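Visitor: Sharing a structure below in structure tokens format, with a few things to ask.
Throughout, read-outs are computed from the coordinates displayed, never taken from laboratory work. None of the values given here were measured: they were computed from a predicted structure. Cβ: placed from backbone, ideal geometry, glycine included. Neighbour counts: every protein chain shown.
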Amino acid sequence: MTGFSINDFAKFKANQQKITMITAYDYTSAQILELSEIDIILVGDSLGMVIQGEQNTINVTLENILYHTKAVRRGAPNSFIVADMPYLSYHFSTSETIKNAAQLICQGGANAVKLEVNHVVAIEHIKALIAAQIPVIGHIGMTPQSVNVFGGFKTQGKTEAQAKHILELAYEVQSAGASAIVLECIPVDLAAEITGKLDIPTIGIGAGNICDGQVLVFHDLLGLTSAPPKFVKKYCDAQQLMMQSVKQFATDVQNGKFPEKQHGFKGII
């Protein structure tokens, strides 16, 4: 049991205590994360790339996120879970945004939703969600749903104009009532500036270690992905271990070493 709640965002910031967040998509992974006492589990739209094999997150649907959020909640009944709002699920009317987020909260079991913010238009949707009593986490910088606008997955905030835009968005997201902000793929000095100026915590991914917390994808940190992003630290080589195990299974079957006596069942007599 992690015991993390919406009130802990402010407490962690005030106490300079780092927040741990890991992105996961299924029951088994969620069980591991809850037992590991990770503060927050994020059901990210990155599932489009990690689970579905897509080139980006654009094709992920609300139904996809809802399905995986339910699975994660079953595996981690006591954890604080944040569900991503996928592309075009919060881009039209604020009433539709509330309706979509409500599904992730009421049906999926999420404690909060996360919105990518690359334009001030999204701020009104954050305000509407807060008014509807739905906690929100913002996401600025390299927002994957803007991949077509950015022309690829590129670091943002490298120019003075970009940095100013991102800082302004950070202030807007905070003023709208968000509990925290994810900073993705921005220069370390910009992330440090935003972290120092905001009252709410920042959670970095490819944004240096000055942020108030860090997030990585479960599959990336365990070495299950073949070509993880530059910002990933691989904590083990689970892919190699799993391949070795599968190959050993095949060898045992071929050589008649599996199943053994203890793997079988006795009859009535």
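Visitor: Evaluate E = 1/(1 + (r/R0)^6) for ILE32 and GLN55, where r is the Cβ-Cβ distance and R0 equals 35 Å; express this FRET efficiency to the nearest 0.05.
Guide: So the FRET efficiency works out to roughly 0.80.
Visitor: Let me ask something additional. Using all alpha carbons of the chain, what is the percent of pairwise distances in each 5 Å bin, ordered from the shortest bin to the longest?
Guide: Per 5 Å bin, starting at zero, the Cα-Cα P(r) for the chain comes out as 1, 6, 12, 16, 18, 16, 11, 6, 3, 3, 3, 2, 1, 0, 0, 0, 0 percent.
Visitor: Starting from the Cα-Cα distance between VAL253 and GLU63, subtract it from 0.36 nm times their residue separation and give me the gain in nm to one decimal.
Guide: 64.5 nm
Visitor: Evaluate the relative contact order of region 8-237 (contact order divided by residue number), counting alpha-carbon pairs under 8 angstrom at least 6 apart; express in whole percent.
Guide: Averaging sequence separation for qualifying contacts and normalising by length gives 18 percent for region 8-237.
Visitor: Label VAL149 and ASN209 with points 7 Å out from Cα along Cα→Cβ: what is the distance between them in nm?
Guide: 3.3
Visitor: Based on the mean of other Cβ atoms within 10 Å per residue, sort peptides 176-185, 21-30 so the most packed one is first.
Guide: Descending mean neighbour count gives 176-185, 21-30.
Visitor: Could you work out how far helix 160-176 tilts from the main Cα principal axis of the chain, as a 0 to 90 degree angle to the nearest 10?
Guide: Roughly 80 degrees, rounded to the nearest 10.
Visitor: Testing the spin-label approximation: label points 7 Å from Cα along Cα→Cβ at HIS263 and VAL121. State their distance in nm.
Guide: So the label points at HIS263 and VAL121 sit 5.7 nm apart.
Visitor: Would you kindly state the longest site-free stretch of the chain, with sites defined as trypsin sites (Lys or Arg not before Pro) in a DSSP loop (not H, G, I, E, B) surrounded by at most 16 other Cβ atoms within 10 Å?
Guide: Free of exposed loop sites, the longest segment is 19-153.
Visitor: Same structure, new question: Hey, with R₀ at 35 Å, roughly what FRET efficiency would THR159 and SER245 work out to, going by the Cβ-Cβ distance, to 0.05?
Guide: The computed FRET efficiency comes out at 0.15.
Visitor: OK, next. Could you tell me which residue out of ILE194, ILE134, SER36 lies farthest along the dipole of the chain toward its positive end? Charges go on the beta carbon: Lys and Arg +1, Asp and Glu -1, centred on the Cα centre.
Guide: Of the candidates, SER36 comes out farthest on the positive side.
Visitor: Still on this structure, please answer the following. In degrees, nearest 10, range 0 to 90: what is the angle between the Cα axis of helix 188-197 and the longest Cα principal axis of the chain?
Guide: Result, in degrees: 60.
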